[in-house]
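Peer 1: Below you'll find the structure I mean.
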Amino acid sequence: MPTGYVHHPHYLWHDTGTSAGLIPAAPLAGVAPGAHIESPDTTRRIHELVHACGLLRDLVPIEPRQATMVELLRVHTGAYVQHLQEQSDLRGGGDAGDGFSPVGRGSAEIARLAAGGLVDLVTAVAEGDVTNGYALLRPPGHHATADTGMGFCLINNIAVAARHAQEELGFARVAVVDVDVHHGNGTQAIFYTDPSVLTISLHQAGCFPPDSGGVEENGAGDGLGYALNVPLPPGSGQAAYLHAMHQVVLPALDRFTPDLILVAAGFDGNAWDPLARQMLCADSYRQIGRLLVDAADRLCHGRLVAAHEGGYNPWYVPHCALAFLEELAGITTPVTDPYAAIAEPYASGPLLPHQREAIDEAAYLVDRIATATNTAA
Ligand code: 3YP
Ligand code: ZN
C-alpha cells in the first residue's frame, strides 16, 4: 500500500511576521526587522523537491480540513483555543504564549488545518487507504502544551492525532517518537501520566526549551516509565543517533507494542542547522526512517504517521526530509544528497564515550515499560 501525503498552500501562508530570527522586530530595542526563521521557505522547498524528484506522483494526496473543536479539546484547554483564536483575529497577529510563537492573521485556522490534516492522515492509515504517511505541515506542534503555545508551535498536532487514534479509531496504544533536535516537551507533558501513550524524544541536551528533557523526566503516576528522553550532547552525529535508536527507541517500542507509531519529524539535527549543534546528514535521516518503518512493520502492520516539525536550513533540510520520506514510501528517487561528500564526514564521527554514557542512562529506563499484549484488531 502507498504512502499518504498531506500538504496545503495555507501551511505556507502561516505568517510568522516581521521578526529578527526568533523574536519580533523591536526597532527601539535594537532588533531590526527581518524574516522569522520559521518561514515558509524551507517547507516550500521540501514540497518542491518532493514534486521535482518525481516522488509526489507515487504518494496519495490527502486534502486537509480544519480540526474540529472536539478534536482540539481532547488536548488543549478551551481557554487556550480561545486565546489562539483571538490572537489570530487581530489585524497584526499576536503570540500564542511564550513570545516565541508568532500567530499571524488567520494562523489559528491554519494551525487547525495542520492538526486536521494529520488526523485525516491517521484515519487513512487506520482505514487501510495508505500504509503510512507524511504530513508536511506548518505551524509545528511538539512544544505546545494543553494551555499554551511555545517555541513556534501553536497546536500540538501529534497529540491531537494520538487522541483521535485512541478515541475514534480503536488504537489503544500510541507511541510518539520525536526526532526533532529540540525536546518534545509539549507532547511529553500532555501524556506524562498516561501509560497508553509512550513518548520518546531524542534531542540535543539543554537546547530548547531550557531545562527540559533530562533523562530523569520519565513520566509520573500511572505514566511512570512511559516518557523517555535521550538528551544527546552537542556535537552528536549519526553514530550517537543510531546508538540511541538501537539502545533506547527500538527496545522501547518492542516492549510497548504500539498500535500506531507517530513521528515528530524535525530535521534540525542536520549539521548545518542554525538552531542546534548536531551533526546529522540526509543519510542519517534515511537510516532513522528505515528503522522506524521496520519497527512499524514488525509491531503494527506498518502503521506510522510522521508530522513535520523543525528544520531551518533551507538548502539542506529538503534533502534530509526527502531521504526520510523515501524510506516511508519504499521508493528511491534519482535525487541523491548533492551535499553528501561534505555532509557525511560531519555526520560519521565515532560514538564518543560521553555520548554513549548519555544514551546508556536512558537505556536503563526501557525496562520500566511493561511488556503488554497488542490490543489492536
Ligand atoms: C524556539 C525558540 C528558540 C529555539 C526554537 C526551537 C524551535 C524548534 O525547532 N523546535 O523544535
Ligand atoms: Zn526543533
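Every number in this text was worked out from the coordinates using simple rules, so none of it is lab data. Predicted, not measured: the structure shown is a model, and the values here were computed from it. Please note: Cβ atoms are built from the backbone with ideal geometry, for glycine as well, and neighbour counts cover all protein chains shown.
Peer 1: How would region 91-229 be classified by its alpha-carbon gyration tensor: rounded, prolate or oblate, with rounded meaning a/c under 1.5 and the a/b versus b/c comparison settling the rest?
Peer 2: On the way: a/c = 1.87, a/b = 1.04, b/c = 1.80.
Oblate, since a/c reaches 1.5 and b/c is not below a/b.
Peer 1: Could you pull out the GluC sites (Glu not before Pro) across region 85-174 that fall in loop regions by DSSP (anything but H, G, I, E, B) with no more than 15 other Cβ atoms inside 10 Å?
Peer 2: Numbers: sites: E86, E109, E127, E167, E168; in loops: E127.
Of the GluC sites (Glu not before Pro), the ones in loops of region 85-174 whose Cβ has at most 15 other Cβ atoms within 10 Å are E127.
Peer 1: What is the sum of charges around D337, taking Lys and Arg as +1, Asp and Glu as -1, for the other residues whose C-beta is under 13 Å from the C-beta of D337?
Peer 2: Working: positive: R286; negative: D283, E326, E344.
Surrounding charge for D337 is -2.
Peer 1: Starting from the Cα of E361, step 7 Å along the direction of its Cβ; do the same at A35; then give the gap between the two resulting points in nm.
Peer 2: It works out to 3.8 nm between the two label points.
Peer 1: Of the peptides 332-343, 236-247, 154-165, how do they stack up when ordered by the mean number of other Cβ atoms within 10 Å, highest first?
Peer 2: Values: 332-343: 14.6, 236-247: 22.7, 154-165: 29.9.
Output ranking for 332-343, 236-247, 154-165: 154-165, 236-247, 332-343.
Peer 1: Let me ask something else. When the Cα centres of region 76-114 and region 314-363 are compared, how far apart do they sit, in Å?
Peer 2: Region 76-114 and region 314-363 have Cα centres spaced 33 Å from each other.
Peer 1: Using the Cα gyration tensor of region 1-155, with a ≥ b ≥ c the square roots of its eigenvalues, what is the shape: rounded (a/c below 1.5), prolate (a/b larger than b/c) or oblate (neither)?
Peer 2: On the way: a/c = 2.75, a/b = 1.43, b/c = 1.92.
Since a/c reaches 1.5 but b/c is at least a/b, the shape of region 1-155 is classed as oblate.
Peer 1: V130: net charge of surrounding residues, Cβ under 13 Å, Lys/Arg +1, Asp/Glu -1, itself excluded? Before the final figure, lay out each step's value.
Peer 2: On the way: positive: R303; negative: D58, D120, E127, D129.
That sum, taken over residues with Cβ under 13 Å, equals -3.
Peer 1: Based on DSSP, what percent of beta bridges with both residues in the chain are antiparallel, to the nearest 5?
Peer 2: Numbers: 9 of 44 bridges.
Expressed as a percentage, antiparallel bridges in the chain total about 20.
Peer 1: Let me ask something else about it. Would you kindly derive the ³J(HN,Hα) couplings of region 186-201 from the backbone phi angles with the Karplus curve 6.51 cos²θ - 1.76 cosθ + 1.60 (θ = phi - 60°), listing them in order in whole Hz, with x for Gly and Pro?
Peer 2: For region 186-201, the Karplus curve yields x, 4, 4, 4, 5, 10, 4, 9, 10, x, 8, 10, 8, 10, 10, 10 Hz.
Peer 1: Shape of the chain from its Cα gyration tensor (a ≥ b ≥ c, root eigenvalues): rounded if a/c is under 1.5, otherwise prolate when a/b > b/c, or oblate? Display every interim value, and only then the final one.
Peer 2: Values: a/c = 1.23, a/b = 1.13, b/c = 1.09.
Rounded is the answer for the chain, as its axis ratio a/c remains below 1.5.
Peer 1: If you don't mind, another one. Which net charge results for the neighbourhood of T199, defined as the other residues with beta-carbon distances under 11 angstrom from its beta-carbon, given Lys and Arg at +1 and Asp and Glu at -1? Before the final figure, lay out the partial values.
Peer 2: Details: positive: none; negative: D178, D194, E217.
Result for the neighbourhood of T199: -3.
Peer 1: Using θ = phi - 60° and the Karplus form 6.51 cos²θ - 1.76 cosθ + 1.60, what ³J(HN,Hα) does each residue of region 227-239 get, whole Hz, x for Gly and Pro?
Peer 2: 10, 10, 10, 10, x, 8, x, x, x, 6, x, 4, 4
Peer 1: Right, something else. Please list, ordered by chain and number, the residues whose modelled amide H lies under 5 Å from the amide H of H76; skip anything fewer than 5 residues away on the same chain.
Peer 2: Hits under the 5 Å cutoff: none.
Peer 1: Per DSSP H run of at least 4 residues, take -39500 (n - 2.57); add these up for the chain, divide by its residues and hand me the 222 nm value, nearest 500 deg cm²/dmol.
Peer 2: Values: 13 runs with 137 residues, N = 377.
Theoretical 222 nm ellipticity from helices: -11000 deg cm²/dmol.
Peer 1: What ³J(HN,Hα) values, in whole Hz, does the Karplus curve 6.51 cos²θ - 1.76 cosθ + 1.60 give for region 338-350 when θ = phi - 60°, with x put for Gly and Pro?
Peer 2: For region 338-350, the Karplus-derived couplings read x, 9, 4, 4, 9, 7, 5, x, 4, 7, 9, x, x Hz, x marking Gly and Pro.
Peer 1: Same structure again: Using modelled backbone amide H atoms (1.01 Å from N, in-plane), which distant-in-sequence or interchain residues come within less than 5 Å of D95's amide H?
Peer 2: For D95, whose amide H was placed from the backbone, the distant partners under 5 Å are V103.
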